[in-house]
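Notes follow the structure.
The values are calculated or read from the model by the stated rules, or taken from the named source; none is laboratory data. Quick caveat: nothing in here was measured; it's all calculated off a predicted structure. When we count neighbours, we look across all protein chains shown, and the Cβ atoms used for this are built from the backbone with ideal geometry, even at glycine.
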């Protein structure tokens, strides 16, 4: 998959007119072949020594490289959402601060009044809601059974309603009268009145008959009043059980101990009032009267029954009042929360832990609306607990990058050092440019040492690696995973059968060897339709004199070496095609292709920043 993506990457960059490209490639292949063939034959004819290399064990790795600049793990520009004078800024550049530490305190006097008003508004709204809930619950109880109940006790002297009437909160229902208990309001000298306690028993003497009755003090006024003759008095309220016959025409004198009231007074009935439907929440229709004139009613006695529909409407009105009051509470809460948030903005805290890199506003300076915009920075904080940078990876390579992969890092400022890092994020949000999509990969350095944010670095992601494996130079691998092995090498036995391997060498090696450093020859083998038969081309060139073709199985591939899994032994001497590199100055192949027998060079190497991988 990895090699397939590299081949696609090379093919992707070719022009769209395929036929023209095939012709150009074919011409270039032919030219390269004849150039190489001529040089090889001339070298053999002249007796010159061909380039060879030994099969050796070494460590090999597959890599991706890209450049970037270092950044702090996190950074934050401190700005203000409010205006005012800076009252406190107890930190300096270079200080270490912790998350939520107070950095700036701005004069908030303009907000304190608004905060108090918002608080009071919420308190009032809550009180109104509590009252509405109480009214609703009372209505459910008071109007149970769809009846309206009396709020006073007494006799119904006059009834003002009848069945079918519509009753509202201002409608008079009945006159209520109760003279079973009579009241007296008599004046005592002020200095005497203050000694009379509520609940005290007093003597009540009728003025016309001298009859003596018992009375009870229900209230003593705290207000001094002046009577004729300049006497300062306070009124004392007394209740007397009516033995029968007492009316408002009778008068009496009250005595408490040896103190007597300053003036006699007339009796009054305890209850004498007109009952109105003041507690109705809405208009209701009377279905049936439940009392008549002359009836004695207690507090809570049902007076009339309402129609079911009008009763439901009335209860609903109480419920609506309760819901509206609740909405007012929610609105007041939201307003208070918003006001509190605005008030809190006058205290600016550190959003992250880190080091203060810059402090631009000090105590005594004023922050205006303009300077408090997002473009104005009061201070800058860097989290330097680690450093990161981004690598831009081609779409054909991104599938090979995983979180946790090791990265070797070199900084321009310290060229003699190599740092290590780890891939900590592979973004799925790519950026498209010039027909190619690249994806950002975040690398976090394992150590910081002398590195600083902003420094330029080169990162190399280790995609795969192997230790102590057999390897050959990339220029020793021919197309079709064929290697030319010197006849004296131990691999001679592997090809003693001859015809199959030779035919493979002829068939696979004739065409351009595409991207040897980018994968095994098996991924790039085969000729496209319309190309000249490779076997015929190889017949003309042949295997270098003194060498035989061996089919090998390859592993990791990078710019310099190829891992050999099978087919060769350590110490075998193999042919190295140096023409692919030495001729590159005078003969250039399209990207991804090269002359016959070339082992991979600048034109056949990895496209972009790919360092090779397993087939």
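Observations, loosely collected:
- Within segment 315-339, tally of residues that are surrounded by 14 or more Cβ atoms within 10 Å (Cβ to Cβ) and in contact (Cβ under 8 Å) with a residue 60 or more places away in the chain: 14
- Checklist (1) closer than 30 Å to residue 132 by Cβ; (2) at pLDDT 95 or above applied to residue 388, failing item: (1)
- Exclusive hit being in contact with a strand residue (DSSP E or B) (Cβ under 9 Å, 6 or more places away or on another chain), closer than 15 Å to residue 143 by Cβ and buried (at least 17 other Cβ atoms within 10 Å of the Cβ), set 277, 308: 277
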